[in-house]
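Step one of this worksheet: look at the structure below.
The values are calculated or read from the model by the stated rules, or taken from the named source; none is laboratory data. Fair warning: this is a prediction, and the values are worked out from it, not measured in the lab. Neighbour counts are summed over all protein chains in view; Cβ atoms, including those assigned to glycine, are modelled from backbone coordinates with ideal geometry.
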Amino acid sequence: MRYELVIFDLDGTLVDTIEDLGTAVNHALAQNNLPLHEIPEYRLMVGNGIGKLVKRAMPGPLQEDAGLFGELLDSFVKYYSSHLDVHSRPYPGITGLLARLSAAGMKLAVASNKFQAGAETIVGRFFPGVDFCAVLGGRDGAPLKPDPEVVREILDKAGVLREKAVMVGDSATDMLTAKAADICGIAVSWGFRPQEAAAECSFRADTAEELEKLLLG
């Protein structure tokens, strides 16, 4: 077996969450009488945590308004937390892939920039039968990707050497995380920002089947 541990990004890699994310931000904007965005536009705003997502959605002249930012962020979290699985679904082939990787003896983990409670809820909702050794999202005091600390924490939890670990993601942020942690990175082309990821990756997969071949050999 080539790898012992697979660390997956969540949004854009395991689950297509863009419509629920965009809808929640638009809800927060509408509550404050601010202009809304088309859902596809949010593909270029996600990936660096909910704070960056909300700030990027704000009109430029207002992005430094800390009070407004706080109101929008609170509104987003409240709405999204109760609407995060309305449209979100695992990408084709992902559920079966996770089952086969687990059956093959691989340890599986999630490293996300989504807030911790949201990451845990999404994973529990869509992959209840998968035994992830770690599900880590954005937490107080913990740096977000591309800082490699989250990978190091997962390696410690899993008891796996970095040479036996691989990061799978859909963005440059994920691939830069892999580089910073000195582990292999596989970019998937079905996510939110695949062109950026492809420019930074060790390998690329266009389907879940291709990803399985790269992981299992």
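Sort out which residues of the range 49-85 are within 16 Å of the chain's Cα centre (by Cα) and either in a loop (DSSP other than H, G, I, E, B) or charged (D, E, K, R) (or both), and write them in order of number. Passing the criteria: Gly49, Lys52, Leu84, Asp85. Taken across the range 67-74, residues that are under 29 Å from Leu161 (Cβ atoms) and hydrophobic (A, V, I, L, M, F, W, C) do not occur at all. Checking the stated criteria, Glu200 turns out to be farther than 24 Å from Thr121 by Cβ and at pLDDT below 95. Look at (1) closer than 30 Å to Gly217 by Cα; (2) out of contact with any strand residue (DSSP E or B) (no Cβ under 8 Å at 6 or more places or on another chain) and you find that Pro61 fails only one, number (1). Among the residues of the range 4-19, is any farther than 30 Å from Leu155 by Cβ, out of contact with any Asp or Glu (no Cβ under 7 Å at 6 or more places or on another chain) and modelled with pLDDT of 95 or more? Yes - at least one qualifying residue is present in the range 4-19.
From the list Gly22, Gly12, the one residue that fits, being of a type in the set (Gly, Ala, Ser) and not assigned by TED's automatic domain parsing to the domain that holds Met167, is Gly22. Within the range 20-34, does at least one residue satisfy the condition of being buried (at least 19 other Cβ atoms within 10 Å of the Cβ) and not in a helix (DSSP H, G or I)? Checking the range 20-34: not a single residue is buried (at least 19 other Cβ atoms within 10 Å of the Cβ) and not in a helix (DSSP H, G or I). Give me the residue from the range 143-194 that is of a type in the set (D, E, K, R) and closer than 21 Å to Leu21 by Cα and, out of that set, surrounded by the fewest Cβ atoms within 10 Å (Cβ to Cβ). Here the answer is Arg193.
Within the bounds of the range 153-164, is there any residue that is among the acidic types (Asp, Glu) and within 27 Å of Glu41 (Cα to Cα)? No, the conditions are met nowhere in the range 153-164. Among the residues of the range 36-73, those identified as surrounded by 13 or more Cβ atoms within 10 Å (Cβ to Cβ) and either farther than 14 Å from Gly22 by Cα or aromatic (Phe, Trp, Tyr) (or both) are Tyr42, Asn48, Leu62, Gln63, Asp65, Leu68, Phe69, Glu71.
Report those helices (runs of 4 or more DSSP H) wholly inside the range 98-217 carrying at least 3 residues which are in contact with a Leu (Cβ under 8 Å, 6 or more places away or on another chain) and either more than 25 Å from Ser88 (Cβ to Cβ) or not assigned by TED's automatic domain parsing to the domain that holds Ile50 (or both).
Values: elements: 116-126, 149-158, 172-181, 194-198, 208-216.
In the range 98-217, 116-126, 149-158, 208-216 are the helices (runs of 4 or more DSSP H) which contain 3 or more residues that are in contact with a Leu (Cβ under 8 Å, 6 or more places away or on another chain) and either more than 25 Å from Ser88 (Cβ to Cβ) or not assigned by TED's automatic domain parsing to the domain that holds Ile50 (or both).
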